[in-house]
Structure formats: structure tokens, C-alpha cells
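Asker: Encoded as C-alpha cells, here's the structure I'll be asking about.
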Amino acid sequence: MVETGHFALVLALTLALVQSVVPLYGARVGDTRLMQIGGTAAVTGFALTLLSFAALTVAYAQSDFSVANVWENSHSAKPMLFKITGVWGNHEGSMLLWVLILNFFGALVAAFGANLPPTLRANVLAVQGWIGTAFLLFILATSNPFLRLSPAPFEGQDLNPILQDIGLAIHPPLLYLGYVGFSISFSFAVAALIEGRIDAAWARWVRPWTLAAWIFLTGGIAMGSYWAYYELGWGGFWFWDPVENASFMPWLAGTALLHSAIVMEKRSALKIWTLLLAIMTFSLSLLGTFLVRSGVLTSVHAFATDPSRGIFILCILIVFIGGSLALFAFRASSLTQGGIFQPISREGALVLNNLFLTTATATVLIGTLYPLLVEAISGDKISVGAPFFNLTFGAVMLPLLLVVPFGPLLAWKRGDAFAAAQRLMTAAGAALFAMICTMIIVDGETVLAAVGIGLAVWLIIGALTDLALKAGLGSVDANVLWRRLRGLPRSVFGTTLAHLGLGVTTLGLVGALSFQTEAILVMKPKQVVEVAGNTIRFEGLRPFRGPNFTEDQGIFTLLNEAAAPAAEIVSAKRFYPVRQMPTTEAGIKTLWFSQLYISLGDETGDGAAVVRIWYKPMVTLIWLGAVVMMAGGTASLMDRRLRVGAPARRKPGKTAAAT
Amino acid sequence: MTRKQKRLSVIFGALAFLGAATSLTFYALGQKASYFYLPNELQAANLQPGQRIRLGGLIEKGTIVRGQGTDVAFGVTNAGSSVKVFYTGILPDLFREEQGVITEGSFEPDGTFKADSVLAKHDENYMPRELADSLKDKGVWQETTQ
Amino acid sequence: MLFWIIAALLTFGASLAILLPLARKAETETGSHDMEVYRDQLAEVDRDVARKLIAQEEAEQARAEIGRRIILIDAEQRKAKSAPVSRPTRWLGALAVLAVPLISWGVYGSIGSPSVPSQPLAARLAEEPRDNSVEELVGRAEAHLASNPDDARGWEVLAPIYMRIGRFGDAVTAYRNTIRLAGATAAREAGLGEAIANAGGGLVSADAQAAFERALLIEKDFPKARYYLAMALAQEGKHSEAVEAWQQMRQLMPADSPWQTAAQEAIAATQQREVSAVQNAAPGPSQVDVEAAENLSGADRSAMIEQMVASLDQKLRSDAADPDGWMRLIRSYMVLGKPDEARDALKRSLAALGVDSEGGRKVAAFASTLNLVATE
């Protein structure tokens, strides 16, 4: 079974090779048979990669330690769930997952792309084939998960305990679905450049893929952030760590791409820019993969790293980014220009959005790569941390957040900023009211926090205003309003939800950063402490034995007003004997949108322990906002408009990307 | 305004924005980036009190002293030099004697180092790269293989 | 064999995926995709007007713009013409079909390990025990004990196996669990002591000694415990007491007991260590002498050693300016159990070298490590 998986992977590589060459040539000479080979090769290649991945999963599930990768990263005492998630909890397995997802998307294009012009489909699949070939070669040459050990050891070395967590089990697949999803936009862009023309429906075909990738990436980033929040025990949810930045940059660029693709679809404008963005977005995904995999940057999330892998990925990076940009430079001028528009218009607003988002991406990119640059030039080792990013990224994003509600209210081609501003009076009023309330309730000192709250309310109410106006609020009665609301295109809901989610996340960030209360103290058993109005009693430490770890649990009781126990919070220091590694398991109690976060430090003798307690108001909104954004993306994905473009064979049901 | 003037003003605005963003970025890099030092490099570095740096090295054996509550002091050492570091807060899980550590903070006027964050190596085979490189250069730390 | 069949089937399937499209007839493209999109855009404008999302005037502009685009694609279509199917096409198709088996079998042949079968842990544990290596037996037992950690018999069976395969730390745990679950016996306590000693690299530590002593409390003459306690004496440098303990032990044992030989070997080894200690101390004995000493009986051996020491002593009386020689002599006397003579040698060396000379200080410092002080 294991060797079958290995063989299937090799076979997938050969198919990827065929897929990279044959359809491309077919599209050049106009031979439909050769072009169709791209489709069958993509689907078969996906099936083979799936078989390969299944074989590795089975090896993990059965603790087959004759596979070196299983031996290095698994242990027979590990719970089954983590045996399976351990498949992608290591470098080799996660690269296999990467390729599996890549081939999955390729197969989707092949299977549901019947309504694409054949040459475009063939070229897209060929470009996918190039990416697949590069990464399959990478796996087989430097990170083969199917290397064998003979004789097989009898016990494995266990997975890094910090990765034995359900959050981190879901995080990488989501992130990869995002990263790799952008490869489709990239392939479409490169295919358009190869053909030297962009079909009218190009943006419609690209948009669902971009949307799907963006939804997954949003989920992946939010999940990773929540994982870091509760697993690392520092109570922080974003560290501006290179690995986090690596996933954030494609997200920012992808968000820009989503918006510019709207302009391209509706007005056939910004074609060249959109192509460039599609290339940049996937390039940033590749760069992210390189940064994470090569270990060139210091990161708390580091996997074990290997320089030869880094060089291999760097080569992939140079070939793909360099190649596509060269192609862009060579061909961009042959593309036709689209419609024109006034600066104050929907298009103008979307261009502004792109300007801000790409600038923000650039600041993150510079901050992430600057240490590498400095070290290469002067040999000095420096680190660029949160202070830099907060200043630059914050300065770029703040004005963007201010203008977000205007965008959807402006008309295409020529808008009226003054009319839009008038319609946003309610939102502005609500924001001002929220600011004043914050200043009164908390105190007059927290001006910055109050401004933040106001901004969040501005975004939320602004997003709802757009929806209400489109439904005709104020001009029609409730029945008609309801009917019109239901009749609105899904994409309108998508816009509203995505912008609303942005506001919700902003609210969570401001709340958690500005109003959190923190207490660090040594607590003896039965000692009571009050943190931000919550009374917490430390009950003591008790030992606990898990399946593959032991832990010291600190038991805390949250007391209600009558001093009676209301909830138990367990915070633990866990120890994994196989890897001789301790981890912190924070105790978290969610109170509405806020959380009490208890982290256990060292024991100080006679049952007392160092305890760090945070009260983080509205902190869950950070991730709930991301969920709302994802819902917005999904709504937009279901818009019927995106299903159009087929002259003859129209597939019933949803688009491929919705699956 | 004519169409041409309008277009020019838009382009000018975009350029001004990009220029502002660029200068802000480089200003911030100059101000907010912190340099990395090992204890034996501090002499030559001639740092001002209050300047933020990252200080890395090995935790000196027998120097971890716990004070009131969550105060802790420990020595960070390499190549015979040692710096005493003061820190308040919860130490990372893998904070142990003779392990690699990176602290971030600044020197007080009295010459003690006050850290506001302490990072220990994150798993048993992982060492922050800049630290590993420096230590390897000086032969203090050998790469362990599994 | 099964693997090769599967591999062949997979290869066949993959080749087929390339071959099938080639077998079809070439189609020519019909219809315009762009047209469909523009038609939908027009319909969307109408819907938006109906929903009052855009004004009538805006809608007119949008319709006009879409109309212009439709005119453009008509022009483009007239330019486009279908390309003829060329010869290289067939060659490329054939090449692609051939490449699949050739490349895949070639690459797999160089990196795969087709002869290594899958080895799921459960299946390995379920195999016939007699086919298994010790390691596998241990794995099976560990799996059993992981689910039944209170199985005293399991721990007891496993403990000596751990000892045999050198996993002493695990043996300590296994013995501890046995004693915790099934109570202490002399054999278990002694086993624990032995495991602790081996885990510590053979050093009979205080922990190990305690275990052996507990064993002797249960069974006064338990040989393993006595043996290791004597070993502890030897390790502390009390060689003669150790030898005596072993000899006592031999008298208690029946003649055919394996402990007879073990004790005998231990005695020989301890005496050997004495010889080598002296050998390090005295300058003289060559490898030949030492080998000769090994063949001598106990009494002859002592005589030979004493003679070597005496010759060193003699040499230093005539040539006293040799601190290293003095140190060897002092150590030799200590090893031979003659502290008085050692002290005398120290006194003479200090007198000869001078107390404040460099050599004198060196010798005095060395002597103090042997707890020897020059007394006046």
C-alpha cells in the first residue's frame, strides 16, 4: 500500500509533465484532441495524488513505522485524530497536501471548465501542470514522504506536541486551499498573457476561484491566529511573525484582486492591473511557502528546515515569478483597454482600495524581508517586529477603513460623493455616538480607543446602510422592502457581509487591545482575585494523565455575585515525555464576546503557582468577524452571474468553486 | 478642470500617497527595527540606555533567581561574557538553564538589562536562527541531530 | 507481486487518460463565449433597472457600452480562422503516451523500495510470536501494558527483557511497577537495584544499594543483592572488603551456582584493578610483566608487585629530584594498603624536594587528594 502511494506520486509527476506541454502545444496549433489531454491528465493526476495521500494517511493511521516520515512524526500512543492530522503536521506531508490541493483545483477546472473556451482551458491547465510538475519534483527530490526504513523501528518519535491540536489540524489545509486556490487565478492570468487576449468572461471565470481561495485563506489565517492565541499561552493573537506575514500578504493582495476583478468584469477596465495582481497574489503565496519551508526567517512556527529545500523552492519562486512577470512585460501592451471612468465613481473607489491594499502589502513585505536584506548587505542581524508593522500598516489601513462604506454607494462610471456622504449620515452619527459613549463609560483619556470603536461602528452601520438603501428602506413599505431584499443579487449581500465582518473584526481588535485587563500574581490555593469585575478563586493544582502526556492542571473557579461557583476554568502545564517537551494549555472562559484567559506559570512551592489572568473584552469578535467575511465571500460566490458564460453546455447547479 | 488636468491630479495624488507610504516605511524601519546582539558584542556596540535591542545567548547555569511574584533575573551568556537580565512575567515553556534564549528590551541607565519579552527556543530542535548562527560561529553550540 | 500488478494497472490507466482524447475526432470550435457574457450583462442591466438599483439614464449608457463590445467581437471573429492539424501533433501525442510508463517506471525504479512491504503496527503485533524479534515482543507487551497499566505480571515479564536488550531506564520503571502492584520480593528488589545500577552506567548508586538492602531484608543471602553490594564496596575503593564479601558469598552458594563464577570473576577483576592501579603507579612493569602477573597465583602476584614498588623506592633514595616518581610511589603504597609507608615516602619526598619548592608543593597537593598529610 505504501509503495503503491509512492508509485502513484511518481505517476502523477509524469502526468503533470504531459499536462504542462501537450495542451499548450494543442492550443497553439488549434488541435482540440491535444487540448483535451490537459483535462484528462489533470483529473487522472488528481486521482493519483489522492491515492498517494490516502496511502500515506493509512500508513499514519496504522502506525507503519517502516515509513521514515511516519516514524519521525507519529507515535502509536497518539490519539487517532492526531495520527491523521499528523500527516500534514510535518514538512513532507504538508507539501503532499499542497500538491493534492493544487491538483484538486486543476481537476475542478478540467471537470467544470467545459464552458471555458477550449484554448483558454488548455492553457490554464498547462500552467497548472507547470506548477504541479515543479512541486512534485520538489517533493520527490528533497522531501519524499515515502522513504522507507528497514528494519522498521517499533515506536515513532511523536509529533511536536505543540502541533497536536485540533486548531492546527485544520489550519494548514485551509491555508493551503487559500494559497493554492490563487494558483488558478495565476494560471488564468498567464494563460491570458500566452493567448494575448482576455475574453469578456475572463473576470467571471477568475472571480469564483479567487473568491473561494480568499474564503479559505481568511479562514486559515483566522484559525491560525486563534490557535496561536490559545496554544502559545501568551494571550496574543497576532505577532507579525514572518510566517503569519507570509499568509497575510497573499490575503491582502487577494483582497485587492477580488475588488479589481469586479471592475474588470463590469466595465472591462483595469485588465492589465488585474492580471498583474493575479500574478502578484500567487507569487506572494509562493513566497510565503518559501519563507515557511526554507527557514530563512526566524519564526515561532518553524518546522524543521533544510537549506537544500530552501534553494529548490527559491528556484521555483524565481522561475515562476520572474517568468510570469517577464511574460507580462512582453505581452501586456497587446491587451485591449477597457472602459473609462471618473475618479469619483465605483471604479475610482475600487482603484483606491487597490492602491491602499497593495501599499499595505508592500509595507508588510518590506518589513518581512528587510532583516534578510540588511543581513545580506551589512551582516547585521536585526528584527522588525510589531512596532514597525503597527505604525506603517496601521497608517495605511486606517484611511482605507474610513472610505470603505463610500465604495458601494457610488455609481459606476461617475459617482456623487456628496450624495453618498449624505446617505452615510446615520452611520457617521452612530459612530460619533459610540465614540462619545466610550469616552463617558471608560474615561476621557482613551481617545484612541474611542476613535477605534467609532471606526468599527462606522464600518458596520455603513455596510448595513448600503444594504438598506438597495432594498429601498424609507421609500417603500415593509412588505415591498422584504420582497426587494430577497430579490437582491447575492453579491450585494456578499459586499455587505464582508464589509460588516471587517467592522466586527476591527471592533474585536480595538476591544482586546485597548480595554484588556491583565493580572500577574502568585496565587495560593483558595486565594481569590478580581480581574475586571470577575472574581476568580484558585482551587489548587492537580496532576492529570492524558493519552500521551501528563499535566499539572490549575483549577480555577469563576464566582458569581453571590460568591457561588459559576464555572470552572482549567489551565494546565502539559508535558510530552516522548519529545521531553512542555506546553502551556491556557484556560479560557468565554463570557459573551469577551474571554477570561488564564495562563499557568511555574509552581512556587506549597501548592502556589504563578498565574497570569487576562480579561479580554470583545476578543472573540476578531475571529467572528473573519467568519462573517467568509460568509460574505460565500454569498458572493453563489451569485448567479458567476455561473454564466457557457455558449452550449451549461452545467446545472452551482459553480465548481462552491464545492 | 479639463480631463487632462483631472487625470494628472489623480496620478499626482496616487504618487504623493505612495511617496508618503514609502517615507513612513523607511522612517519606521530606522526607528522600530531592533538590532540583535550577543553579550560579548555589547562592549563594542556602545549602546545608549533606552535603545531597544534583542539580546540573545544561553541562559547561564545557576543564575536564575526568582524574586517577588513573577520577577525573575537571569544571566545571558556567550563566549565568556554575561549580562544580567531582569524580566517580569511568565517565562516560556522551554526556558531552562543552558538553553538558547532571546530577550527584547533595553538597558537601564544603571547598566542592567530590562527585558519586556523573552523567547526561548520553540521546540527541542529549534533555535532562533540569528542566535544559532552566532553561537555556531563561536563554537558554543553544536547542532544536534535526531 | 500484488504491488507490481497494481503499479501496472495504474500505469495503464494513466496512459489511457492520455490516449483516449487522441482517439477522438478533432472538433472545431463553434459559437462565441464572449457573446453569451454580453447578453447576460444586458439582461443584468435590465434586472437592475427593474429593481431600481440603477437609474434609467445609467442603464442606457451601460447598454450602449455593451453594444459597442458586441460589435468588436464580431469584427474579431471574422479575423479568426481555424488552424490546420499538423504532423507534429501526432508525434507529440505518441510521445506523451509513451512518456507515461517510461518516466514513471524509470523514476520509481531509482527512488522506490518495492521490496519493502507495509508494516502496520497492529499486524506486526498480531504475528506469530515465534517469528518476532525481541524488539517486537517488547512492542507487543508495551501495547498490552499501555491499555492495562495495572497488569503486574506483564510488568514482571517485561522487566528482565528490558534488561537484556539494554533499556535499563524502562527496566527500572517496569520493576517499580511490579513492586508497586504485586509487592516486594527479594528477586524484584534486587532486579530493581540491578536496573538502577545499569541505568547509571554500572555504578551501584545509593538508590541501587537501598534496593539491594531491601532485598536482603526479605531474603538474607539473596545472591544478586550480595553480589552487587560487594561491587558497591569495590567501587568505593574498599577492595579488600569487597573481595572478602564475595568470598563469603561463594561459601554460601552451592558449587554449581552461576554466582560462583560471577563472584570469582569479580574477585579476579578487582585484584586485576589493583594490579593496574599499581602498574599506573610504578614505572617499571612492561606489558610482558603485567601479562606475567596475570598468570601468577595470588601470592606470587603480590610478591611481584611489592618487588616493583621496592625497586622504585630504591631508585628515589638515590635520585630524589623526581616529583612524579614520588607521587607514583606514594600512590603505590596506598594501593597496597600501606598508609604508614606512604606517609613516610611523603615525608622523605618533601625533605628531598623542599617543602616550598614547586615539586614539593605538587607532591603535597597530590598527597592531600589521598587524604595523606605529612605529619612531623
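The values are calculated or read from the model by the stated rules, or taken from the named source; none is laboratory data. It should be emphasised that the depicted structure is a prediction, and the values quoted were computed from it without experimental measurement. Quick reminder, even Gly has a Cβ in these numbers, built from the backbone with ideal geometry, and neighbours come from all protein chains shown. To get the accessible areas, we keep the full protein, side chains included, count just its heavy atoms, and leave off ligands, DNA and RNA. Shrake-Rupley method; radii C 1.70, N 1.55, O 1.52, S 1.80 Å.
Asker: So which residues in the range A:586-630 are more than 14 Å from chain B (Cβ to nearest Cβ), farther than 12 Å from A:Ala512 by Cβ, part of a loop (DSSP other than H, G, I, E, B) and touching a helix residue (DSSP H, G or I) at 6+ places or on another chain (Cβ under 9 Å), if there are any at all?
Answerer: Matches in the range A:586-630: A:Trp592 only.
Asker: Could you list all residues from the range C:313-332 that are open to solvent by less than 70 Å² (accessible area, probe 1.4 Å) and out of contact with any Ser or Thr (no Cβ under 7 Å at 6 or more places or on another chain)? Steps first, please.
Answerer: Keep residues of the range C:313-332 that are open to solvent by less than 70 Å² (accessible area, probe 1.4 Å), which gives C:313, C:316, C:320, C:322-323, C:325-330, C:332.
Within the range C:313-332, C:Asp313, C:Leu316, C:Ala320, C:Asp322, C:Pro323, C:Gly325, C:Met327, C:Arg328, C:Leu329, C:Ile330, C:Ser332 meet the criteria.
Asker: Another one. So which of B:Thr63, B:Thr77, B:Thr103 ends up being more than 14 Å from every other protein chain (Cβ to nearest Cβ), in a strand (DSSP E or B) and either closer than 28 Å to A:Ala519 by Cβ or open to solvent by 20 Å² or more (accessible area, probe 1.4 Å) (or both)? Please lay out each step first, then the result.
Answerer: On the way: B:Thr63 fails: in a strand (DSSP E or B); B:Thr103 fails: more than 14 Å from every other protein chain (Cβ to nearest Cβ).
Just one listed residue meets the conditions, B:Thr77.
Asker: Between B:Gln68, B:Gln43, which is open to solvent by 80 Å² or more (accessible area, probe 1.4 Å) and at the interface with chain A (Cβ under 9 Å from one of its Cβ atoms)?
Answerer: Working: B:Gln43 fails: at the interface with chain A (Cβ under 9 Å from one of its Cβ atoms).
After applying the criteria, what remains is B:Gln68.
Asker: If you don't mind, another one. Here's a check for you: in the range C:318-376, which residue that is polar (S, T, N, Q) and under 26 Å from C:Lys238 (Cβ atoms) is modelled with the highest pLDDT?
Answerer: Start the filter on the range C:318-376 by keeping residues that are polar (S, T, N, Q), which leaves C:318, C:332, C:349, C:357, C:368-369, C:371, C:375.
In the following step, the residues that additionally are under 26 Å from C:Lys238 (Cβ atoms) were identified as C:332, C:368-369, C:371, C:375.
Values: C:Ser332: 77, C:Ser368: 73, C:Thr369: 68, C:Asn371: 66, C:Thr375: 53.
Across the range C:318-376, the extreme among qualifying residues is C:Ser332.
Asker: Here are some residues: A:Val403, A:Val457, A:Val374. Which one is open to solvent by less than 40 Å² (accessible area, probe 1.4 Å) and either within 14 Å of chain B (Cβ to nearest Cβ) or over 21 Å from A:Thr496 (Cβ atoms) (or both)?
Answerer: Details: A:Val403 fails: open to solvent by less than 40 Å² (accessible area, probe 1.4 Å); A:Val457 fails: either within 14 Å of chain B (Cβ to nearest Cβ) or over 21 Å from A:Thr496 (Cβ atoms) (or both).
None of the other options fit; the residue is A:Val374.
Asker: Ok, one more. Just one of the numbered conditions (1) at pLDDT below 75; (2) open to solvent by 50 Å² or more (accessible area, probe 1.4 Å) is not true of B:Asp133; which one?
Answerer: Exception for B:Asp133: condition (2).
Asker: What's the number of the only condition in (1) of a type in the set (A, V, I, L, M, F, W, C); (2) buried (at least 22 other Cβ atoms within 10 Å of the Cβ); (3) more than 30 Å from A:Ala212 (Cα to Cα); (4) at pLDDT 90 or above that A:Met523 fails to meet?
Answerer: All conditions are met except number (4).
Asker: Considering only the range A:544-575, how many residues are touching a residue at least 12 places away in the same chain (Cβ under 8 Å) and of a type in the set (Lys, Arg)?
Answerer: 2
Asker: Which numbered condition in (1) surrounded by 24 or more Cβ atoms within 10 Å (Cβ to Cβ); (2) within 12 Å of another protein chain (Cβ to nearest Cβ); (3) touching a residue at least 60 places away in the same chain (Cβ under 8 Å) is the only one that A:Ala59 fails?
Answerer: (3)
Asker: OK, next. Go through (1) surrounded by fewer than 20 Cβ atoms within 10 Å (Cβ to Cβ); (2) not in a helix (DSSP H, G or I) for A:Lys413 and report which single condition fails.
Answerer: For A:Lys413, the failing item is (1).
Asker: Go through the range A:551-585 and give me each residue that's of a type in the set (Phe, Trp, Tyr) and in contact with a helix residue (DSSP H, G or I) (Cβ under 9 Å, 6 or more places away or on another chain). Reasoning before the result, please.
Answerer: Just the residues of the range A:551-585 that are of a type in the set (Phe, Trp, Tyr), to begin with: A:556, A:575-576.
A:Phe575, A:Tyr576 - these are the residues of the range A:551-585 that are of a type in the set (Phe, Trp, Tyr) and in contact with a helix residue (DSSP H, G or I) (Cβ under 9 Å, 6 or more places away or on another chain).
Asker: Something else now. Would you check if B:Phe12 is more than 9 Å from chain A (Cβ to nearest Cβ) and open to solvent by 70 Å² or more (accessible area, probe 1.4 Å)? Don't jump to the end; show me each part of the working.
Answerer: On the way: more than 9 Å from chain A (Cβ to nearest Cβ): yes; open to solvent by 70 Å² or more (accessible area, probe 1.4 Å): yes.
Answer is yes for this residue.
Asker: Would you confirm whether any residue within the range A:531-541 is open to solvent by 20 Å² or more (accessible area, probe 1.4 Å), farther than 23 Å from A:Glu561 by Cβ and not in a helix (DSSP H, G or I)? Before you say what the answer is, go through the steps one by one.
Answerer: Just the residues of the range A:531-541 that are open to solvent by 20 Å² or more (accessible area, probe 1.4 Å), to begin with: A:532-535, A:537, A:539, A:541.
Then keep just the ones that are farther than 23 Å from A:Glu561 by Cβ; that gives A:541.
Within this subset, residues satisfying the condition of being not in a helix (DSSP H, G or I) are A:541.
Yes, there is a match, as at least one residue in the range A:531-541 is open to solvent by 20 Å² or more (accessible area, probe 1.4 Å), farther than 23 Å from A:Glu561 by Cβ and not in a helix (DSSP H, G or I).
Asker: Please determine, by comparing only the residues of the range C:333-371 that are outside any helix (DSSP H, G or I) and in contact (Cβ under 8 Å) with a residue 12 or more places away in the chain, which one is surrounded by the most Cβ atoms within 10 Å (Cβ to Cβ).
Answerer: Taking the range C:333-371 and keeping what is outside any helix (DSSP H, G or I), we get C:336-338, C:354-357, C:370-371.
Next, from what is left, pick out any that are in contact (Cβ under 8 Å) with a residue 12 or more places away in the chain: C:336-337, C:370.
Details: C:Leu336: 18, C:Gly337: 11, C:Leu370: 16.
Here the residue is C:Leu336.
Asker: Could you list all residues from the range A:140-152 that are touching a helix residue (DSSP H, G or I) at 6+ places or on another chain (Cβ under 9 Å) and within 11 Å of another protein chain (Cβ to nearest Cβ)? Don't jump to the end; show me each part of the working.
Answerer: Step one: of the range A:140-152, the residues touching a helix residue (DSSP H, G or I) at 6+ places or on another chain (Cβ under 9 Å) are A:140-149, A:151-152.
Listed by number, the residues that qualify are A:Leu140, A:Ala141, A:Asn144, A:Phe146, A:Leu147, A:Arg148, A:Leu149, A:Pro151, A:Ala152.
Asker: Suppose we filter the range A:523-566 for residues that are among the acidic types (Asp, Glu) and within 22 Å of A:Thr583 (Cα to Cα); how many remain? Let's see the steps before the verdict.
Answerer: Within the range A:523-566, the first condition is being among the acidic types (Asp, Glu), and the residues that meet it are A:530, A:539, A:551-552, A:561.
Filter once more, so that each one left must be within 22 Å of A:Thr583 (Cα to Cα): A:539, A:551-552.
Residues meeting the conditions: 3.
Asker: Let me ask another. Which pairs turn up if I take residues in the range C:163-176 that are over 19 Å from C:Val204 (Cβ atoms) and look for partners that are at pLDDT 80 or above with beta carbon separation below 7 Å, at least 6 apart in sequence or on another chain?
Answerer: Listed by first residue and then by second, the contacts come to C:Asp170/C:Tyr162; C:Ala174/C:Trp155; C:Ala174/C:Leu158; C:Ala174/C:Ala159; C:Ala174/C:Tyr162.
Asker: One residue is enough: does the range C:148-161 have a residue meeting the conditions within 14 Å of another protein chain (Cβ to nearest Cβ) and part of a helix (DSSP H, G or I)?
Answerer: Among the residues of the range C:148-161, at least one is within 14 Å of another protein chain (Cβ to nearest Cβ) and part of a helix (DSSP H, G or I), which makes the answer yes.
Asker: Out of A:Val21, A:Val29, A:Val43, A:Val2, report the one residue that is touching a strand residue (DSSP E or B) at 6+ places or on another chain (Cβ under 6 Å) and either within 7 Å of chain C (Cβ to nearest Cβ) or modelled with pLDDT of 90 or more (or both).
Answerer: Being touching a strand residue (DSSP E or B) at 6+ places or on another chain (Cβ under 6 Å) and either within 7 Å of chain C (Cβ to nearest Cβ) or modelled with pLDDT of 90 or more (or both) holds for just one of A:Val21, A:Val29, A:Val43, A:Val2, which is A:Val2.
Asker: Which one of these does B:Tyr27 not meet: (1) out of contact with any Lys or Arg (no Cβ under 9 Å at 6 or more places or on another chain); (2) over 16 Å from B:Val118 (Cα atoms); (3) assigned by TED's automatic domain parsing to the domain that holds B:Leu119?
Answerer: Result: B:Tyr27 passes all but (3).
Asker: Any residue that is of a type in the set (A, V, I, L, M) and buried (at least 23 other Cβ atoms within 10 Å of the Cβ) - is there at least one of those in the range A:477-490? Step through it out loud before you land on a result.
Answerer: If we filter the range A:477-490 for residues that are of a type in the set (A, V, I, L, M), which is where we start, we get A:478, A:480-481, A:485, A:488.
After this cut, where a residue has to be buried (at least 23 other Cβ atoms within 10 Å of the Cβ) as well, the list is none.
No, the range A:477-490 has no match at all.
Asker: Does A:Leu175 satisfy the condition of being open to solvent by 10 Å² or more (accessible area, probe 1.4 Å), farther than 28 Å from C:Val100 by Cα and among the hydrophobic types (A, V, I, L, M, F, W, C)? Working first, answer last.
Answerer: Values: open to solvent by 10 Å² or more (accessible area, probe 1.4 Å): yes; farther than 28 Å from C:Val100 by Cα: yes; among the hydrophobic types (A, V, I, L, M, F, W, C): yes.
In short, yes.
Asker: State whether the residues of the range A:83-93 include one that is under 18 Å from A:Leu177 (Cβ atoms) and of a type in the set (Ser, Thr, Tyr). Spell out how you get there, then give the answer.
Answerer: Looking only at the range A:83-93, we keep the residues that are under 18 Å from A:Leu177 (Cβ atoms), and these are A:84-85, A:87-89, A:93.
Subsequent filtering for residues that are of a type in the set (Ser, Thr, Tyr) retains A:85.
Yes, that holds for at least one residue.
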